[in-house]
Amino acid sequence: MSTRHASFAEFYPYYLTQHSSVLCRRAHFIGSSSALAAQVQYVDSMNPWWIVAALVSGYGGAWIGHFFYEKNRPASFSRPLYSFMGDWVMYWQMLTGKLSW
């Protein structure tokens, strides 16, 4: 990514171009869902290993999607905050049917 985006609103359309493969989006969705489940387990048990599980499953799903299906570099390497925000906006759009998965 060579251009800098001044706002998340500018960044998100670019973010979607980096997730054109439905398999990449599915890997993101599964990883994010697993991360949410791990966070719930953490709240229930207060076992800090669930935080580790949330991070591994969330980023693992996304990185698998990029390295194996999309064949590009995850945006989290260059824009971590916008990428994190984009992942959850994309997750919500897939969950509500606004974006196919």
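The values are calculated or read from the model by the stated rules, or taken from the named source; none is laboratory data. Please read all numbers here as calculations on a predicted model, not as lab measurements. Cβ sites come from the backbone with ideal geometry, for glycine too, and all protein chains shown count toward neighbours.
Taken over the range 65-84, the criterion of being surrounded by fewer than 17 Cβ atoms within 10 Å (Cβ to Cβ) and touching a helix residue (DSSP H, G or I) at 6+ places or on another chain (Cβ under 6 Å) is satisfied by N72 alone.
I'm checking my understanding of the structure. Among residues of the range 38-64 that are under 24 Å from Q93 (Cα atoms) and loosely packed, with under 14 Cβ neighbours inside 10 Å, which one is modelled with the lowest pLDDT? Filtering the range 38-64 for residues that are under 24 Å from Q93 (Cα atoms) and loosely packed, with under 14 Cβ neighbours inside 10 Å, the one modelled with the lowest pLDDT comes out as L55. Evaluate the range 81-98: report whether one residue or more is charged (D, E, K, R) and free of Cβ contacts under 8 Å to residues at least 60 places away in the same chain. Looking through the range 81-98, at least one residue is charged (D, E, K, R) and free of Cβ contacts under 8 Å to residues at least 60 places away in the same chain. Y91 falls short of the stated requirement of being at pLDDT below 95 and of a type in the set (S, T, Y).
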